[in-house]
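Scroll down for the structure; my scribbles are underneath it.
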Amino acid sequence: MKRGRAHWLYLAPALLMLGTFLVYPTVHTIIISFFGPRSDKFVGLANYRTAFTAKPMLLAFRNNAIWLVVFTALTVSLGLLLAVLLDRVRYEVIVKSVIFLPMAISFVGAGVIWRFIYAYRPAGTPQIGFLNGIVNALGFQPIGWLIERPWINNLALIVVGIWVWTGFCMVILSAAYKGIPKEMLEAARIDGANEWQVFRYVTIPFLKSTIAVVATTMVVFVLKVFDIVYVMTNGAYDTEVVANRMYKEMFAFRNYGLASAIATILFLAIIPAVLVNIRRFRAQEALR
Amino acid sequence: MSRRFLSISLVTLVIAALLAAFGLAQQRSVTVMVLWSGTELQAFEETLKPFEQRTGIDVKVESVGRDLPTILVTRFEAGNPPDVAAMPNPGQMKEFVAEGGLVPLDFLDLSDHPKAFVDLGSVGGKVYGLFISADLKSLVWYNAKIWGKAFSISTWDNLMKFTEGLAAGGKAAWCIGLESGAASGWPGTDWIEDIMLRTAGPDLYDKWVNHEIPWTHPAVKRAFELFGQIARNNAYVFGGTTGVLSTNFGDSPAAMFTTPPGCFLHRQATFIQSFILGAYPNLKPVEDYSIFVFPPIDPAWGNPLLGAGDLISAFRDTPEVRELLKYLASAEAQAIWVGKLGKLAINTKVDPAVYPDDITRKAAEILKSAEVFRFDGSDLMPAAVGSGAFWKGVLDYVSGVSLDVVLAEIEAAAVAAYGK
């Protein structure tokens, strides 16, 4: 056998799997995104036009943008804060375990749990929701957490995502933080830097690439956020997100063309984040 | 040796497989995909028992719950549909007919079925769907301990006066709950359909359902507004509009039976009885709670009734499928089915004595005497409208979005959906 042929034999199983389960569905999705609801007639860019002009879609894009900013900023910064502060306490392991725990819960489960936390009962009747129980005890009227638009309900949903993902950010950042040579931090302190300066000029620069990886991972997650919204509001009261819209068009309304167009847009939007993520990850690996 | 052993075992295997296949072919069977679960599924299996015993046909029931539309579509597209399936609604049945998926049920004798239901199950003059039971939707439920067994309000004006009178005393008249998970909003669509029938009449209602008039039509607007007069008025509904939006439809009527009651009237279909009894198992029908018909609004249109039903269609035409559907159309099968559930039978030969209580019997009488009957309109519309934009529109409207914006949005979805 000639050299240079055999490697195809070894690659074949992997290529076959990738081709069947990744490449083919992707190409097929892109193709049917140019066809009508039942994939029978060619409609050109009509589905993309709808995706970028229909009101429910514009709303979904807006909400994904809110998720992108608020969710990413809060998960990463809370994770960083916890990683740095918990490093200084004795009961670090316990606290970190508790904060990491929600990662073990599925998003659907988290959604159901938080539906109870946000539950609303008419004023004057016993509040079964945790938050409205507190609001009631303080003497205020109960609040429709998942109904008041545009901020309360969208933020209420984002909080669920933060609750689930902060632990992940914290664990990764904490591992990186512990990798900072102690001498460096001590040297900075001996040179007269206060704690804020140590954090700002030593810790942050050292953690920069880890923060970037964690942040891009969050961005990838947030662009395809679906479960939490589907379970808690199904996009009602202006909480719609792109992935939930895609599911509706596909499985509820049977508009395969539009659903595929949305999937393709989502796919294209995620690619840059994934590329950055991979590049950073490689850079980090190279450092080791 | 090993080679011979291999060939012998191969031959044995093939023979065994052939025998097994033959054996399976001997056992006559039919697969049925249904959306029922829990007590409804149990009742359906009870209904099938006499049939299975008599014919020896094995009916394999596959319960897929509320995911039925998704699963049915996927299986159909993959060329592997069940023999028989419950349809989520007549609208989706029509879509399957248009794609050539369903077989016509011309072997059924439907002379004991009301024409209205036969027509609802037909496309182009051919029957494709068999109704096995119905729910009557135009009903108002009330606490009979407070208002008495014979309580009834017979005009819309009186209904509004009654509502206003309670509001003046600081009490909310209505229990409304629109929350229903991913299907939130549907109870509001029933309200609007009931009002539309009473203010615009059945012909305009049909045009609306078929999108021959736009959603911005004054008649549609008026129906929304009359619903809004109640549902958007914080003094008329228990818990205010936020209460309406966050209360689950099934929990909603329970507030009529608390002390003191949170509300006094609840507009909902026959099936809500099981939810009332679920929350308060000790309540007695008629004595503790009862019904009256949702009153007429415009006298010209009288008192039309709104309802829905359980629909069965067939993807394959086999002798077993025919026998099963003939059985399900019969009074015998429907008597078992409705007797267990408190739904209303379609077959007119079903003895009213099989109904579990007097309220169901009363609802059956009301349905029988109907001059005009219309099917739940949102179930007849394309899913993107009837199970999408309409639901969302109701939620938006009740939560305070202006009606013109809401109707324009549903219209935009309808233009896209009806065109395809």
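Here, each number is a calculation from the coordinates, and none is a lab measurement. Note that the structure is a prediction, hence the values are computed from the model and not measured. Cβ sites come from the backbone with ideal geometry, for glycine too, and all protein chains shown count toward neighbours.
What the table below lists for this structure:
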item: Net charge dipole size for chain A [Lys, Arg +1 and Asp, Glu -1 on Cβ; Debye, nearest 20]; result: 840 debye
item: Burial order of peptide ranges B:254-265, A:181-192, B:56-67 (average beta-carbon count within 10 Å, highest first); result: B:254-265, B:56-67, A:181-192
item: From phi via Karplus (6.51, -1.76, 1.60), per-residue ³J(HN,Hα) for the range B:397-411 in Hz, x at Gly/Pro; result: 4, 5, 7, x, 5, 5, 4, 4, 5, 4, 5, 4, 5, 5, 4
item: Choice from B:R232, B:R28, B:R267 with maximal GNM fluctuation in chain B (Cα, 10 Å cutoff); result: B:R28
item: Taking A:L223, B:L341 and counting other C-beta atoms within 10 Å, the order from fewest to most; result: A:L223, B:L341
item: ³J(HN,Hα), Karplus 6.51/-1.76/1.60, whole Hz, each residue of the range B:70-81, x for Gly, Pro; result: 4, 5, 4, 4, 4, 5, 5, 5, 7, x, 9, x
item: Pairwise centroid distance, computed over Cα atoms, of the range A:60-87 with the range B:60-95, Å; result: 42 Å
item: Sorted by Cβ density within 10 Å, fewest first, the residues A:H28, B:H217; result: A:H28, B:H217
item: Partnerless Cys - the protein assembly as shown, beta-carbon criterion under 4.7 Å; result: A:C169
item: For the range B:136-177 and the range B:179-240, distance of Cα centres in Å; result: 19 Å
item: Centre separation in Å (Cα based) which lies between the range A:134-183 and the range B:290-343; result: 49 Å
item: Expected 222 nm ellipticity per residue - DSSP helices of 4 or more, -39500 (n - 2.57), all of the protein assembly as shown, to 500; result: -17000 deg cm²/dmol
item: Percent of beta bridges antiparallel (DSSP, chain B, rounded to nearest 5); result: 60 percent
item: Residue-by-residue Karplus 3J(HN,Hα) for the range A:59-67, coefficients 6.51, -1.76, 1.60, Hz, glycine and proline x; result: 4, 5, 4, 4, 5, 4, 5, 4, 4
item: The protein assembly as shown - share of DSSP beta bridges that are antiparallel (%, nearest 5); result: 60 percent
item: Rg/Rg_ref, the range B:356-418, where Rg_ref = 2.2 N^0.38 Å and atoms are Cα; result: 1.56
